[in-house]
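First comes the structure, then the notes that go with it.
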Amino acid sequence: MIVENDELFAQVLVVGGGPAGAALALELARDGVDVLVLDSQRFPRFKPCGEFMSPQCVPLLERLGAADALRGAGANEVRGMLLASYGRSARGRFVDIGRARAPVEYGWALRREVFDATLLDQARRAGARVLEGWRVREVLRTPAGRVIGVEARDAQGRSRNVRASWTVGADGLHSRVAGALGVQRETPQLRRIALTTRYRGVAHDGFAQAHFFDEGYFALAPVDAGLVSVNLVLWKSAFERAGLPRDEAFEHWLARTPAVREQLAGAERVDPLRGIGPLARSTTRQTFDGAALVGDACGYVDPVTGEGTYFALQGAALLAPALRDALRDERTDASALDPYLSGRAREIAPRARLCGWLVHALARPSIARGVFSLLASRSGLADLAVSLTGDYAPPRELLRPRVWRAAWRGGAS
């Protein structure tokens, strides 16, 4: 990083130090790229999240060299997921699906403040510069429209220009970068809000849980430090109809979900209830002259499956080599990042569609009752449903009849 006339310069500016931004900075810095990360908050910081990572996240973190640090931070192994609705429940494990082999038999659950701070510290150790408490005010562009950096307010409240060959928006669902570039769109079918907290003293068996009902679902994940993360995700319209304050709304739906209420009855809530939403964001583009978007800045991913962290890490893994090549060739045109877009279309888009179909199907009573009856009666189908959210099995494996035959019989294919 160069400082000149009170301006900062870097080859790559990453706005946002969450999983996508930290993973991207770590990979680039490790390869000798001059990378600067700006984040409006200071780490560690709380982040509303399901706090569960799918199994495919583990090899991605191993490749980054961050897995040992996260194990040391207390990452908890989650062996599968309990799916429950309309009086039926099914327990699914992470298993091989067709030709796709599970990289590990578990995902990880870890408090986001621990995960994010640990991963960002790994990026620092690799040589990335990190400036916390810097809030982006606007995106800087040439008269021709190429992004050349940002104007930000530094930790002392001064306005500073930060210029870079490439600027990456990794600043989450309400991305200032995506907003400034005019590519954010509201997606009505995703108009949800989430209420999140944690409990101590909840008995669990190492499985995450998702309890669906007409207006949304509860998601539970056993994280580090003996805590269980509890998320209530609701259609925004249902929350508004109820007209209740946040804590009363949480208790209202808890009372209507006996399986969750009974688990939490003797436990201690250790965090305040926090809310986020509406969660109805998508983007029309992800690359621009001089800029790119990665992670949640590209759009919302439903937290029930744990795929949001995978999309962040996989997106960073796809973007890093495209940026390296663009820097090597001294290119700043959007087409230089076409390999990133191709990778997203291949690795992320099919899984995002499958995740959306699964969540929407389970949220519809007419469909969910039949689905849960099948899942409860055929353990192999529950394994198939859960494993498909593990991000190691391409959705195209569902086209193979032997996969369905094996799932119906109750065994791995």
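Kirkwood hydrodynamic radius (Cα pairs, Å) of segment 196-276?
Kirkwood radius, segment 196-276: 13.0 Å.
State, to one decimal in nm², a quarter of the convex hull surface area for the C-alpha atoms of segment 1-119, i.e. the direction-averaged projected area.
Its Cα hull, projected and averaged over all orientations, spans 10.2 nm².
Given springs between every Cα pair under 10 Å in a Gaussian network model of the chain, which of Ser237, Ser282, Ser379 has the largest fluctuation?
Of Ser237, Ser282, Ser379, the Gaussian network model singles out Ser237 as fluctuating most.
With a cut-off of 8 Å between alpha carbons and a minimum separation of six or more residues, what is the relative contact order of segment 196-276 in percent?
Relative CO of segment 196-276 lands at 40 percent.
Grab the beta carbon distance between Glu7 and Arg256, set R0 = 41 Å, and tell me the FRET efficiency rounded to 0.05.
Calculated value: 0.15.
For Ser342, Ser175, Ser40, what ranking results if the residue with the fewest other Cβ atoms within 10 Å of its Cβ goes first?
Exposure proxy ranking, most exposed first: Ser342, Ser40, Ser175.
Local charge sum around Ser159 (other residues, Cβ-Cβ under 12 Å, Lys/Arg +1, Asp/Glu -1)?
Neighbourhood net charge equals 0.
Note down the magnitude of the dipole of segment 196-276 about its Cα centre, charges +1 on Lys and Arg C-beta and -1 on Asp and Glu C-beta and zero elsewhere, to the nearest 20 debye.
Result for segment 196-276 is approximately 120 debye, rounded to the nearest 20.
Label-point separation (nm) for Thr284 and Phe46, each offset 7 Å from Cα along Cα-to-Cβ?
3.7 nm
Given a cut-off of under 8 Å on Cα pairs at least six residues apart, what relative contact order in percent is computed for the chain?
Once normalised by length, the contact order is 23 percent.
For the chain, set up a Gaussian network in which alpha carbons nearer than 10 Å are linked by springs, and say which option among Leu273, Leu83, Leu319 fluctuates the most.
Leu273
Can you tell me how much longer the chain between Asp325 and Arg405 gets when fully stretched, taken as 0.36 nm per residue apart minus their C-alpha distance, in nm with one decimal?
That pair, Asp325 and Arg405, stretches by 24.4 nm at full extension.
Just how many % of Cα pairs in segment 78-135 lie over 17 Å apart, if you round to the nearest whole percent?
Cα-Cα pairs in segment 78-135 separated by more than 17 Å: 65 percent.
Which value, to two decimals, describes the C-alpha radius of gyration of the chain once divided by 2.2 N^0.38 Å?
0.98
Among Trp357, Trp166, Trp108, which one moves the most in a GNM of the chain with springs linking Cα atoms closer than 10 Å?
The residue that fluctuates most here is Trp357.
For segment 329-387, report the translational diffusion coefficient in µm²/s to the nearest whole number, using Stokes-Einstein at 37 °C, 0.692 mPa s, and a Kirkwood Rh over Cα pairs.
It comes out at roughly 231 µm²/s.
Report, in cubic angstrom per residue, the convex hull volume of the C-alpha atoms of segment 103-174.
168 Å³
FYI, it's all coordinate maths here, none of it is from the lab. It should be emphasised that the depicted structure is a prediction, and the values quoted were computed from it without experimental measurement. Because the Cβ atoms are built from the backbone with ideal geometry, glycine has one as well, and the counts that use them run over all protein chains shown.
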